[in-house]
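The values are calculated or read from the model by the stated rules, or taken from the named source; none is laboratory data. Fair warning: this is a prediction, and the values are worked out from it, not measured in the lab. Cβ coordinates were reconstructed from backbone atoms using ideal geometry, including for glycine residues, and neighbour counts include every protein chain displayed.
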Amino acid sequence: MNKSVKNEIMVKTLKYFFVVILFLQNVNIHAQGKPVDLVNPFIDTHNSRWFYFNSASRPFGMVNLSPDTNTAKTWSSGYLYDSEYIRCFSHIHAWQLAGIAVMPTTGEFKGHLGMDAYQSSFSHEGEIAKPGYHKIYLNDYDIHVELTSSTRVGFHKYKFPKDKQKSIIFDTGARLAHGPTTYSKVWKVSNFEIAGVQVLRKTGRRPKDTPVYFVAKLSVPFKSFKGWENKELVEKSTDTIQGVNAGVGLFFDRKNTDEVLMKVGISYVSVEQARKNLDAEINHWDFNKVVDESLNTWNEWLSKIEIKGGTHQQRVKFYTDLWHALLGRRIVSDVDGKYIDRTGDEAVTRTVRLDNKGKPLFPHYNFDAWWGSHWSLNILWSMVYPEVMDGFCNSMLDMYNNGGLIPRGPSGGNYTFVMIGDPSTSFFATAYNKGIRSYDIQKAYEGLRKNAFVGGSRDHAGYEHKSPAYGGGMRYYIDQGWIPEGIKAKGAHKDGASMTLEYAYQDWCLAQLSKTLGKDDDYEMFLKRSQNYKNLWNPDTGMMHPREMDGNWIKDFKPVSETFNARGFCESNSAIYTHFVPHDMSGLVQLFGGKQKYNNFLNESFVKGETLNFVGANKNHAASWVDYGNQPGTGMAHLFNYSGAPWLTQKWVRKVKEVYGDVTPYGGYYGDEDQGQMGALGVLMAMGLFQVDGGASVKPYYEITSPLFDEVTIKLNNDYYSGEVFNIKTSGVNQENIYIQSAKLNGGELNNCWFYHESFVKGGTLELQLGANPNKEWGVDIPPPSYKTNLD
């Protein structure tokens, strides 16, 4: 064995050793038993994404304060576990949004030279990260840093060494993640306060420049204020710095400043609003009080689901998954409900709906698309956090009233047209049909119906901002029932097969909503359109097959592909999208030639997919038969419930959970943890409940698989649901016992592998008995409803 190989082995061994030590340190905290203490923010942080890692953040917080080790791009950025340097601490880690980078330093001032010059080495020894709090040590400056936050205010605590020059850098002109800063301005308010604005340059996804305003207050006065522009210090005395690549340094008394506390309030509306947020949310200097409040807030949210049993690792992963599901999307309205609308030519300040006391009824949110959320967030939030779903429905309706379209992922007050289709349809259908209705449903339906025709949001290909838009292919879809390859239009993801399949599902969701609302003509029309998926079924290949402009099947068809996108499919392939008929599984099974043929095909796909850990090789989503690292494939294991083999759902859900059960920084998600979607999916799999149709049907229902825990207690929100709790009690839980032997619902025998939402919301108990061998007689007599079954 040569020396280089020995060194490589030693490095890997030491890395693993430190990970184990970190994990064992956390065990002592976790032994307290609170859900918040079980969350491990470091899971799968070796290859992060800008919005993925958040430590000092509240649920859906506008502020997401945490250390940044990589700031150059959207992917592989933010906090990466194996990085050597902390570049800054920034306040916004959101989809297409970033901002307000700060860094405490000692010694020679280097702020004007950029992050490469002033970054600091760090180690994980003594580092602590948990929901709402981060503690870390900057080796190069001998500074101990602690971070916490409220929803809209970041709170910093710096312990400086004695008798050294001390400064805090505000690098407001820095590039952070998604692109450069167009312009920034910072001014001195007093020796205890500064204020400013950072203008984020538009991106290919967020089409307009976006200002972020801030106010920073300090517990001790700074002695001097010095700024720079384009790496050149401004020598003249001034209280205002502005320009391109600009920033400031605050300098403190060398001998008498050992600790500095700093509060930074932000707003997308104005400096005055940032100050209002700061004063309203943290009007004191008790850092530990805010830490405790943040931990308690997180514990309240996480405790809406209580678990008993399972291994410590399973409990850690469960609550970390749940934490992610409540973290990734962002509040962008201020404490008084004001927010910025940039859907038109000029930015307009608007206010969310207020109650009779002038308090916002819901925050206004920004978020990535709901693409794939019908198998994750839609289900989980509607069960456990219906008020969150209500808030997002209100935000989307606000944007419809403001700009004329229900959005497909807004950012910075803009439409982004991220991904494809109109997944807001399934979101609204699930919400309304589950009784989440604190918004104008007639207005919402008007917007959703508009999106389902030419000129709506479906017609915009990915990031196709200008109107009229054609990349989404709605003219083809309406005229002939399928969308061809080769559409000539700007934008991304012009993948006809994926669009056809997703539009068909969204039509079905709109049919369910129209039925509930008594719009029977629309119901029949959209239900008929939902059968368009059959226009892509090729009997010769036995799969969903993309078509050319002339109607012919594309040549050189392959179920899987070595490219990131197989032709015709959005970030996926035919092997996965062939199963994308969540609304009509009975119809898909018939196309395959019956249950046995379908089960054989699907099971063989999982056998092949297992060799790649159920994710595309090298994160290539089109290279695997099963991909749980990206949205289109995340419902596949549950499909056996519809084809008469629920034991295979139980088997493969458990195997997927084992692969995605890692709690180290080097695994756990294996792909794109897209603003909590994969976390929500993990929670659902661990509880043993799912909804293949996303819960959008007129009469929603849940499919059952085997839970990981002896008991799961879901606390119901009585503003929406009449029951107090819904319990899932499982006997015989262990690694070998993965198959359901029998079930009871509220004391009565349950022979179906599903039950209705109306039983869930009344509260009750689902009892399951597990065993090591499949019971092929249980759950097979009456499959879950499909297509029109709920209405028969």
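If I go through segment 559-569 residue by residue, how many of them are farther than 15 Å from Leu536 by Cβ and either free of Cβ contacts under 8 Å to residues at least 12 places away in the same chain or surrounded by 17 or more Cβ atoms within 10 Å (Cβ to Cβ) (or both)?
The initial filter retains those residues of segment 559-569 that are farther than 15 Å from Leu536 by Cβ, namely 560-565.
If we keep only those that are either free of Cβ contacts under 8 Å to residues at least 12 places away in the same chain or surrounded by 17 or more Cβ atoms within 10 Å (Cβ to Cβ) (or both) as well, we get 560-561, 565.
Residues in segment 559-569 being farther than 15 Å from Leu536 by Cβ and either free of Cβ contacts under 8 Å to residues at least 12 places away in the same chain or surrounded by 17 or more Cβ atoms within 10 Å (Cβ to Cβ) (or both): 3 in total.
When you check Asp556 against the structure, is it at pLDDT below 95 and either among the aromatic types (Phe, Trp, Tyr) or more than 30 Å from the chain's Cα centre (by Cα) (or both), yes or no?
Considered against the rule, which asks whether it is at pLDDT below 95 and either among the aromatic types (Phe, Trp, Tyr) or more than 30 Å from the chain's Cα centre (by Cα) (or both), Asp556 comes out as yes.
Each row is one residue, and each column tells you yes or no for (1) touching a Ser or Thr at 6+ places or on another chain (Cβ under 7 Å); (2) surrounded by fewer than 23 Cβ atoms within 10 Å (Cβ to Cβ); (3) farther than 29 Å from His493 by Cα; (4) not acidic (Asp, Glu).
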position	(1), (2), (3), (4)
Phe592	no, yes, no, yes
Lys608	no, yes, no, yes
Leu612	yes, yes, no, yes
Asn618	no, yes, no, yes
Ser624	no, no, no, yes
His638	yes, no, no, yes
Asn641	yes, no, yes, yes
Glu658	no, yes, yes, no
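Quick one: what pairs do we get from segment 512-526, first residue under 17 Å from Gly435 (Cβ atoms), second part of a helix (DSSP H, G or I) and small (Gly, Ala, Ser), C-beta under 8 Å, 6+ apart or different chains?
Between residues of segment 512-526 that are under 17 Å from Gly435 (Cβ atoms) and residues that are part of a helix (DSSP H, G or I) and small (Gly, Ala, Ser), the close pairs are Gln512/Ala429; Leu513/Ala429.
Within segment 264-276, take every residue that is among the small types (Gly, Ala, Ser) and part of a strand (DSSP E or B) and give me the one that is farthest from His156 (Cα to Cα).
In the first step, residues of segment 264-276 are kept if they are among the small types (Gly, Ala, Ser); the result is 265, 267, 270, 274.
Filter once more, keeping what is part of a strand (DSSP E or B): 265, 267.
Details: Gly265: 11, Ser267: 18 Å.
My answer is Ser267.
Of the residues Asn535, Asn565, only one is out of contact with any Lys or Arg (no Cβ under 7 Å at 6 or more places or on another chain) and at pLDDT below 95; which?
Asn565
Listed here are the residues, each with its yes/no results for (1) more than 23 Å from the chain's Cα centre (by Cα); (2) surrounded by fewer than 16 Cβ atoms within 10 Å (Cβ to Cβ); (3) of a type in the set (A, V, I, L, M).
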{"residue": "Gly227", "(1), (2), (3)": "yes, no, no"}
{"residue": "Thr240", "(1), (2), (3)": "yes, yes, no"}
{"residue": "Ala274", "(1), (2), (3)": "yes, no, yes"}
{"residue": "Asp279", "(1), (2), (3)": "yes, yes, no"}
{"residue": "Val290", "(1), (2), (3)": "yes, no, yes"}
{"residue": "Thr311", "(1), (2), (3)": "yes, yes, no"}
{"residue": "Leu326", "(1), (2), (3)": "no, no, yes"}
{"residue": "Arg329", "(1), (2), (3)": "no, no, no"}
{"residue": "Asp336", "(1), (2), (3)": "yes, no, no"}
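For Tyr523, only one of the following conditions fails: (1) at pLDDT below 95; (2) among the hydroxyl-bearing types (Ser, Thr, Tyr); (3) more than 19 Å from Asp627 (Cβ to Cβ). What is its number?
So Tyr523 meets the others, but not (1).
Name the pairs: first residue in segment 416-431 and at negative phi, second residue assigned to a helix (DSSP H, G or I) and among the basic types (Lys, Arg), Cβ to Cβ under 7 Å, at least 6 apart or on different chains?
Qualifying pairs under 7 Å: Asp422/Arg458.
If only one of Gly111, Gly107 is at pLDDT 95 or above, more than 23 Å from Asp209 (Cα to Cα) and in contact with a helix residue (DSSP H, G or I) (Cβ under 8 Å, 6 or more places away or on another chain), which one is it?
Gly111
Do the conditions hold for Lys164, that is, is it at pLDDT 95 or above and either over 23 Å from Tyr52 (Cα atoms) or over 25 Å from the mean Cα position of the chain (by Cα) (or both)? Walk me through how you get there before you give the answer.
Details: at pLDDT 95 or above: no; either over 23 Å from Tyr52 (Cα atoms) or over 25 Å from the mean Cα position of the chain (by Cα) (or both): yes.
No; evaluated as a whole, the condition is false for this residue.
Tell me which residues, restricted to segment 689-724, are surrounded by fewer than 18 Cβ atoms within 10 Å (Cβ to Cβ) and of a type in the set (D, E, K, R).
Of everything in segment 689-724, those that are surrounded by fewer than 18 Cβ atoms within 10 Å (Cβ to Cβ) and of a type in the set (D, E, K, R) turn out to be Lys699, Asp710, Glu711, Lys715, Asp719, Glu724.
Does segment 452-470 hold any residues that are out of contact with any Asp or Glu (no Cβ under 9 Å at 6 or more places or on another chain) and among the hydroxyl-bearing types (Ser, Thr, Tyr), and which are they?
Matches in segment 452-470: Tyr463 only.
List the number of the failed condition for Arg206; all other conditions in (1) surrounded by fewer than 20 Cβ atoms within 10 Å (Cβ to Cβ); (2) of a type in the set (Lys, Arg); (3) touching a Ser or Thr at 6+ places or on another chain (Cβ under 6 Å) hold.
(1)
Starting from residues that are assigned to a helix (DSSP H, G or I) and within 30 Å of Phe526 (Cα to Cα), keep the ones in segment 660-701 and report whichever is nearest to the chain's Cα centre (by Cα).
Let us first name the residues in segment 660-701 that are assigned to a helix (DSSP H, G or I), namely 677-687.
Add one more test, that the residue is within 30 Å of Phe526 (Cα to Cα), and what stays is 677-678, 680-681, 684.
Details: Gln677: 5, Met678: 7, Ala680: 9, Leu681: 11, Leu684: 15 Å.
For segment 660-701, the residue satisfying everything is Gln677.
Would you check which residues across segment 626-659 are of a type outside the set (A, V, I, L, M, F, W, C), touching a Lys or Arg at 6+ places or on another chain (Cβ under 9 Å), part of a loop (DSSP other than H, G, I, E, B) and modelled with pLDDT of 95 or more and list them?
Once the filter is applied, which keeps residues that are of a type outside the set (A, V, I, L, M, F, W, C), touching a Lys or Arg at 6+ places or on another chain (Cβ under 9 Å), part of a loop (DSSP other than H, G, I, E, B) and modelled with pLDDT of 95 or more, segment 626-659 yields Ser643, Gly644.
Which one is nearest to Ile436 (Cα to Cα) among residues in segment 377-403 that are within 17 Å of the chain's Cα centre (by Cα) and among the hydroxyl-bearing types (Ser, Thr, Tyr)?
Filtering first and then ranking leaves Ser382.
What pairs can you find where one residue is in segment 577-601 and hydrophobic (A, V, I, L, M, F, W, C), the other is modelled with pLDDT under 95, and their Cβ atoms are less than 6 Å apart, with a gap of 6+ or different chains?
Hits for this filter: Met585/Ser786.
Output the number of the condition that Ile266 fails; it satisfies all remaining conditions of (1) closer than 30 Å to Gly723 by Cα; (2) within 25 Å of the chain's Cα centre (by Cα).
(1)
Which numbered condition in (1) touching a helix residue (DSSP H, G or I) at 6+ places or on another chain (Cβ under 7 Å); (2) at positive phi is the only one that Gly551 fails?
Unmet condition: (1).
Given the criteria outside the structural domain of Met636 (by TED's automatic domain parsing) and touching a Ser or Thr at 6+ places or on another chain (Cβ under 6 Å), does Asn718 qualify?
Numbers: outside the structural domain of Met636 (by TED's automatic domain parsing): yes; touching a Ser or Thr at 6+ places or on another chain (Cβ under 6 Å): no.
Taking the combined requirement at face value, the residue does not satisfy it.
State all residues of segment 210-225 that are crowded, with 19+ Cβ neighbours inside 10 Å and more than 30 Å from Tyr415 (Cβ to Cβ); if no residue qualifies, say none. Please lay out each step first, then the result.
Narrowing segment 210-225 to residues crowded, with 19+ Cβ neighbours inside 10 Å: 210-218, 222, 225.
The answer is Ala216, Lys217, Leu218, Phe222, Phe225.
State yes or no: is Arg330 basic (Lys, Arg), touching a strand residue (DSSP E or B) at 6+ places or on another chain (Cβ under 8 Å), modelled with pLDDT of 95 or more and over 23 Å from Glu446 (Cα atoms)?
Numbers: basic (Lys, Arg): yes; touching a strand residue (DSSP E or B) at 6+ places or on another chain (Cβ under 8 Å): yes; modelled with pLDDT of 95 or more: yes; over 23 Å from Glu446 (Cα atoms): yes.
When the stated conditions are applied, Arg330 passes them.
Please determine whether any residue of segment 583-590 is surrounded by fewer than 15 Cβ atoms within 10 Å (Cβ to Cβ) and among the acidic types (Asp, Glu).
Our first condition is that a residue be surrounded by fewer than 15 Cβ atoms within 10 Å (Cβ to Cβ); within segment 583-590, this holds for 590.
Within this subset, residues satisfying the condition of being among the acidic types (Asp, Glu) are none.
The answer is no, given that none of the residues of segment 583-590 is surrounded by fewer than 15 Cβ atoms within 10 Å (Cβ to Cβ) and among the acidic types (Asp, Glu).
Can you tell me which of Thr343, Thr349 is in contact (Cβ under 8 Å) with a residue 12 or more places away in the chain and under 26 Å from Asn283 (Cα atoms)?
Working: Thr343 fails: under 26 Å from Asn283 (Cα atoms).
From the options Thr343, Thr349, the qualifying one is Thr349.
Could you look through segment 233-251, keep only residues that are modelled with pLDDT of 95 or more and not hydrophobic (A, V, I, L, M, F, W, C), and pick out the one that is nearest to Met103 (Cα to Cα)?
Gly249
Out of Gln480, Gln512, which single residue is at pLDDT 95 or above, within 28 Å of the chain's Cα centre (by Cα) and polar (S, T, N, Q)? Break it down stepwise before answering.
Values: Gln480 fails: within 28 Å of the chain's Cα centre (by Cα).
Going through Gln480, Gln512 in turn, the sole match is Gln512.
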